[in-house]
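> My questions all concern the structure below.
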Amino acid sequence: MTPGLRDYLDPLPFCAVLRGISPAEIDAIGDVLADAGFRILEVPLNSPQPFASIERLAARFGARCLVGAGTVIDPADVARVADAGGRVVVMPHADTRVIAAAKSRGLTCMPGVATPTEAFAALAAGADALKLFPAEQSSPAVLKAWRAVLPRHVPVLPVGGIAPDNMAPWLAAGAAGFGIGSSLYASGRPAVDVAARARDFADAWRHLHPASQGNRA
C-alpha cells in the first residue's frame, strides 16, 4: 500500500523546510535529517535549482521520506515537481488552482491558511492538510478554536517561529505537527549543525510524547 501523509507524520510530525538549499548540499542535509527521524522534506521553489534538489532527494530516499516542494505559487510548477519525483506540494497561501493541479497529479497538498474561510476553501478544493501560516501571526488559542470546527481527521501544522521549547501549547491546542524552517536549516549551515538541531527537535517531541520512543529512526 502506498504510504499516506499520516504514515510520514506519525513517527515524527515535522516537515523540514529547506529554504535556500542547493543541490550540492542536499545529500548531506537530507541524510542527517532522515537519520534524526524526519520524514517530510520540503525544498522551497525560491531556492537555488530546487527541482534538481528535489530530484536528488526523491532518488535518495524513495518511499522512506515524503519529498516535495514548498513556496509553490504557480500551478504550472506542480508538473515540474511531479516530474522531478516530488510527492508533496506545500504553499504559503490557499490558491485553489495550485491545489487542483497538485491533486490532478496525485500529489499530497498542504496549502497555507490564516483564516477559517481559507481553511474550508482549501479543504473543499482537495487539500490533504493545512499549514497554519504564519504561526507568529496566530496563537494556540486560535488553533483551538479552529479545531472545534475543522474536520477531526485534517492535520493542521503551524509553520513559523517553531522551536523545541514552544511546541507544547500548540500540541495541546490540536496541532498535528510542525513545519520547521530557519531554526533547523539556513543556507550554508553545516550538516553537523543541522543534525544537532534536528536531534533537539526530535528529543523535544519525544519528551512531550514518551509513547513515541519506539519510533526512533
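The values are calculated or read from the model by the stated rules, or taken from the named source; none is laboratory data. Bear in mind that the values here come from a model prediction, so they are computed numbers and not experimental data. All Cβ positions, glycine included, derive from the backbone under ideal geometry; neighbour counts span all protein chains shown. Each accessible area value is taken on the protein alone, full model and side chains, heavy atoms only, with ligands, DNA and RNA left out. Shrake-Rupley method; radii C 1.70, N 1.55, O 1.52, S 1.80 Å.
> Ser212 versus (1) buried (at least 17 other Cβ atoms within 10 Å of the Cβ); (2) modelled with pLDDT of 95 or more: which is the lone unmet condition?
It fails just one condition, (2).
> So which of Ala63, Ala59, Ala24, Ala52 ends up being open to solvent by 30 Å² or more (accessible area, probe 1.4 Å) and without any contact (Cβ under 8 Å) to a residue 12 or more places away in the chain?
Only one candidate qualifies: Ala24.
> Continuing with the same structure: Can you pull out every residue in the range 112-137 that is under 18 Å from Gly161 (Cα atoms) and open to solvent by less than 30 Å² (accessible area, probe 1.4 Å)?
Listed by number, the residues that qualify are Gly112, Val113, Leu130, Lys131, Leu132, Ala135.
> Here's a follow-up. Sort out which residues of the range 31-44 are over 14 Å from the mean Cα position of the chain (by Cα) and either farther than 16 Å from Tyr185 by Cβ or buried (at least 23 other Cβ atoms within 10 Å of the Cβ) (or both), and write them in order of number.
Ala36
> If a residue has to be under 18 Å from Ala121 (Cα atoms), part of a loop (DSSP other than H, G, I, E, B) and among the charged types (D, E, K, R) to count, how many in the range 141-166 make the cut?
1
> So which residues in the range 85-106 are more than 25 Å from Glu136 (Cα to Cα), open to solvent by 10 Å² or more (accessible area, probe 1.4 Å) and part of a loop (DSSP other than H, G, I, E, B), if there are any at all?
Gly85, Arg87, Arg105, Gly106
> Given the criterion at pLDDT 95 or above, farther than 20 Å from Arg19 by Cβ and touching an Asp or Glu at 6+ places or on another chain (Cβ under 8 Å), identify the matching residue among Pro140, Pro151, Pro111, Pro75.
After applying the criteria, what remains is Pro75.
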